[in-house]
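Written below as structure tokens is the structure these notes are about.
The values are calculated or read from the model by the stated rules, or taken from the named source; none is laboratory data. This is a predicted model, so every value here is computed, not measured. Cβ sites come from the backbone with ideal geometry, for glycine too, and all protein chains shown count toward neighbours. Side chains included, ligands, DNA and RNA excluded: accessible areas come from the protein's heavy atoms. Shrake-Rupley method; radii C 1.70, N 1.55, O 1.52, S 1.80 Å.
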Amino acid sequence: MPTISIKGKNMPESPIRKLVPYAENAKKRGIEVFHLNIGQPDIKTPEVALNAVKNNTLKVLEYSRSEGSETYRQKIANYYETYNIKVQATDIIVTTGGSEALLFAIGSITDPGDEIIIPEPFYANYNGFSTASSVTIVPVISKIENNFALPPISEFEKLITPKTKAILICNPNNPTGYLYSREEIEKLAEIVKKHDLFLIADEVYREFVYDNVQHQSVLNNFGLDNYAIVIDSVSKRYSMCGARIGCIVSKNKEVISTALKFAQARLSPPTYAQIASEAALETPQSYFDEVSVEYKKRRDLLIEELSKIEGVKVANPRGAFYCVAELPVDNADKFAQWLLEDFNLNNQTVMVAPAAGFYSTPGIGTNQVRIAYVLKTADLIQSVAILKAALIKYNSL
């Protein structure tokens with residue numbers, strides 16, 4: 001019998017999606033499942049984006065350019081200008097989601113066996129992307145006890161070896177909501193320039209920051225033109241996860257020309273999704289203002305309610321729409337599955353994402369979960385009530 005590759009066997013399951021069959025079975029049994037496991041916003045997609053597809057008069061659904069349509073890339077450049085980020089359309093490659101942008105970036109700058117330093121916990125699929133590219137993740141560990149604040153930036157430097165090619169950050173962070181300060185970006189900039197590394201920044205949650213702080217992009221004035229690679233996406237910004245449109249942005253011409261070869265190999269990003277995404281750029285600022293107020297309200301409510309549960313620790317996020325909670329259980333994977341298979345409160349239960357999959361260090365985060373506050377406040381209150389009842393029952397078994 002033919003054998004599966006070692007790479008395939010090592011490919012990790014998604015902690016966000018691996019429990020979906022259990023959730024679907026629960027629904028078939030008549031159980032209502034509150035999805036706290038995935039960052040699928042319940043915010044409406046801007047009408048301007050939906051109408052651009054509904055009212056389109058295309059006669060032939062053709063390939064687009066491999067780097068994405070010129071008009072869309074120019075409008076993306078204009079969007080960055082509103083954040084005082086000066087890039088050209090030629091610095092941008094449109095991708096099939098931020099995921100493909102990350103794969104293109106990693107593929108363009110690493111060879112098998114190379115290393116990328118990443119603060120953990122991190123977006124779980126970074127594990128998958130590194131495995132697919134035969135790259136090793138070297139983690140910088142942050143802890144829930146100090147709200148997942150980064151250790152001294154000097155800790156990054158201690159991990160640099162001849163195999164290190166890049167430092168990868170998610171800002172604001174998924175899953176912790178951690179937001180990098182200007183001082184932290186400046187120190188990271190010093191390190192990558194000193195050691196001739198790339199600084200990859202996943203900035204898909206740029207609009208979602210709270211507490212009157214400002215997001216700091218690596219494309220701002222940090223002197224990183226030849227070092228910075230930004231990963232971006234329309235998924236969360238416009239509540240368009242299903243569009244699967246993202247982009248890779250860099251002023252390093254060699255990075256872009258190399259990533260373009262990867263883009264050519266997959267032909268082109270989807271045409272209708274680009275049309276919707278281009279139209280979404282016309283969304284007024286009032287949309288984001290309202291969304292930001294709503295997410296802050298949800299964050300505050302969720303943190304307050306979780307903090308009332310005995311034995312639960314929770315970090316307070318300053319961006320994105322996730323938090324990590326440490327639960328009084330021995331194994332969050334088992335608990336999350338039990339919630340879907342064996343527990344309900346008045347025919348309702350919750351689905352959470354076990355957090356161990358957001359680490360690369362074995363044995364870390366085994367009693368933590370990521371919670372996405374993408375549900376309306378009434379559902380969040382009910383979800384926390386269900387979680388509290390579930391913990392009491394689970395720990396009495």
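List of remarks:
- GNM on the chain, alpha-carbon springs under 10 angstrom: the most fluctuating residue among S250, S233, S142 is S142.
- In this structure the chain gives 44 Å² per residue of accessible area when probed at 1.4 Å with all protein chains present.
- Amide H to amide H distances under 5 Å link C170 with D202, where only residues 5 or more positions off or on other chains count and H is placed in the peptide plane.
- Residue among P362, P317, P46 with the largest mean-square fluctuation in a Gaussian network model of the chain, springs linking Cα atoms under 10 Å: P362
- Overall, the accessible surface of the chain at a probe of 1.4 angstrom is composed of carbon and sulfur to the extent of 51 percent.
- Note on the chain: with a GNM built from Cα contacts shorter than 10 Å, the maximum mean-square fluctuation among F34, F104, F321 falls on F34.
- Amide H contacts under 5 Å for T95, placed H, 5+ residues apart: G246, C247, I248
- Counting DSSP beta bridges with both ends in region 127-263, the antiparallel % (nearest 5): 30 percent
- Ordering of 300-308, 1-9 by burial proxy (mean other Cβ atoms within 10 Å per residue, highest first): 300-308, 1-9
- Amide proton proximity set for V140, modelled H, under 5 Å, gap of 5+: I118, E120
- For q = 0.11 Å⁻¹, Debye-computed log10 I/I(0) when each Cα of the chain counts as one equal scatterer: -0.82
- FRET efficiency estimate (nearest 0.05) - Cβ-Cβ, N226 to R182, R0 22 angstrom: 0.60
- Candidates A201, M1, Y79 compared by Cα position along the dipole of the chain: farthest toward the positive end lies M1, with charges placed on Cβ.
- Charge tally around M11: other residues with Cβ under 14 Å, Lys/Arg +1 each, Asp/Glu -1 each, net +3.
- Pair-distance distribution P(r) for region 55-111, from all Cα-Cα distances in 10 Å bins starting at 0: 20, 39, 32, 8, 1 percent.
- In terms of packing, defined here as the mean over residues of other Cβ atoms within 10 angstrom, the peptides 56-62, 374-380 line up highest first as 374-380, 56-62.
- Between region 230-284 and region 7-74, the Cα center-to-center distance that results, in Å: 14 Å
- Each Lys or Arg adds one and each Asp or Glu takes one away; over the other residues whose Cβ falls under 12 Å from the Cβ of S69, this sums to -1.
- Simple spin-label estimate for E24 and N55 gives 3.7 nm between the two label positions (7 Å along the Cα-to-Cβ direction from each Cα).
- Percent of Cα-Cα distances greater than 13 Å, calculated over region 294-350: 67 percent
- Entry for region 245-397 at q = 0.12, 0.15 Å⁻¹: log10 I(q)/I(0) = -0.72, -0.91, Debye formula applied to identical alpha-carbon scatterers, no solvent contribution.
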